[in-house]
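Here is the structure we will look at, set down as structure tokens.
The numbers here are math on the coordinates, done by the rules we state, and not lab data. Not measured: the values here are computed from a predicted model. Methodologically, a virtual Cβ is constructed for each residue, glycine included, from the backbone with ideal geometry; neighbour enumeration extends over all protein chains shown.
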């Protein structure tokens, strides 16, 4: 009996040591990002699935609201994560601490031609590739179906004139007990405002390039003036609230039309509000697919990575686009969702348009009417505020939010083009100072 017990004990020790040895042989990839909300929970579930699906690589993911601070503190000392999710507009800010990943095509099953050239181009500096598209946060129009029906609005607005007309009719439904607004623009939210304003036809806030020079683009800009006048009139006419928490008002059934990204979808689903999603309007309504304005976040490698951890991270990125997801969805609309890739699952569940063409062209993606409806053309404009990667991007984006709020809440009523020019003059000077600070 003692011999049998000793044999069993020895076998248990061997199995334990074997398991520990196998675990220790895995290459650990440290992965940082700022996805701390519900979408981050979905990301964590997918990372866990990857870790459980193989025994070569372990992805150790940290989600934090201190992501930016962690990068600034740890990148210079090469103690940062190997892999990060970074907005392409921060390429120049952190460029010296990022690794080119031109060799990813040779070391994975991924193909460059399988990615949208417009989005992949945002992750390049010169001929060097620094990122693989993870998430496109394109702004879209959300609309309350019940409010539109109650107001007698039969056509979903495709132009800004139609937005104005529908907003007036919806606002008329408001009561003392339940205020209702036809329009729900965030005047403090620079991204949402700019996603609308560029659709009026205005270019970047600062135009040009480093070789030929930059110049501010606020004054003598008819399209920008038209956008600002439109936004202010909505507020002055009582069709758009001053409140900042428009998301909550939309979820409470108090907003008819608004612009937002895919992250709002989960909240509206939980609220029970009867809503739809489509492309944002334009001036003519005939070119709605020509803009896909928003942000692009990419998988990027830092200089803290070793050759071993970089190659291990490549395996995770490869799996993200070609592996198997959580397999949690049923067969619906005649489409089997049980074997979709993590990339497709992320895009479909979060309502994010995708840069990976095999996903975009898949029957699972094409079966989602909302995603198809908001998908842009292959040549759509995708960048906001200034050219991607410019050193003054953050300053210009921050100035934008201040500028719009000041104009809408404190500008003259019944504004004219000249009123807009007078108002924008000091902001034009501010942009000129950013150019001088960074490039002269």
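Over the stretch 28-67, the Kirkwood radius and the radius of gyration, each from Cα atoms, give a ratio Rg/Rh of 0.99. Histogrammed with a bin width of 5 Å, the alpha carbon distances of the stretch 24-172 distribute as 2, 7, 13, 14, 14, 14, 9, 7, 7, 7, 5, 2, 0, 0 percent, first bin at zero.
Subtracting the Cα-Cα distance of residue 111 and residue 209 from their residue separation scaled by 0.36 nm leaves 32.3 nm. In the stretch 237-329 the Cα-Cα distances spread across 10 Å bins starting at 0 as 11, 25, 28, 21, 13, 2, 0 percent of all pairs.
Taking the alpha carbon gyration tensor of the stretch 83-149, multiplying each eigenvalue by 5 and rooting it gives semi-axes of 32, 16, 10 Å, largest first.
With both partners inside the chain, how many of the DSSP beta bridges are antiparallel, as a percent to the nearest 5? DSSP beta bridges in the chain are roughly 65 percent antiparallel.
Within the listed set 81, 150, 396, the residue fluctuating most in the Gaussian network model of the chain (springs between alpha-carbon atoms under 10 angstrom) is 150.
Ordering 419, 146, 69 from the fewest to the most neighbouring beta carbons within 10 Å gives 69, 146, 419.
Subtracting the Cα-Cα distance of residue 150 and residue 178 from their residue separation scaled by 0.36 nm leaves 8.6 nm. Remark: spin-label model distance residue 308-residue 398 equals 4.1 nm, labels positioned 7 Å along the Cα→Cβ axis. Helical content alone sets the calculated 222 nm signal of the chain at -13000 deg cm²/dmol, taking -39,500 (n - 2.57) per DSSP H segment of four or more residues and averaging over every residue. For the stretch 375-391 versus the stretch 39-66, the spacing of their alpha-carbon centroids is 29 Å. By the count of other C-beta atoms within 10 Å, a proxy for reagent exposure, 362, 347 are ordered fewest to most as 362, 347. Averaging the Cα positions of each part gives two centres, and for the stretch 233-311 and the stretch 72-128 these lie 25 Å apart. Extension gain, residue 440-residue 243: 0.36 nm per intervening residue step, less the Cα-Cα distance, totals 66.9 nm. Here the stretch 294-434 is treated as a Stokes sphere of Kirkwood radius computed over C-alpha pairs; at 10 °C and 1.306 mPa s its diffusion coefficient rounds to 82 µm²/s. For residue 433 and residue 55, what does the FRET efficiency come to when R0 = 56 Å and r is the distance between their Cβ atoms, rounded to the nearest 0.05? For residue 433 and residue 55, the calculated efficiency is 0.50. The ranking of 181, 187, 275 by Cβ neighbour count inside 10 Å, starting from the fewest, reads 275, 187, 181.
Simple spin-label estimate for residue 74 and residue 103 gives 2.4 nm between the two label positions (7 Å along the Cα-to-Cβ direction from each Cα).
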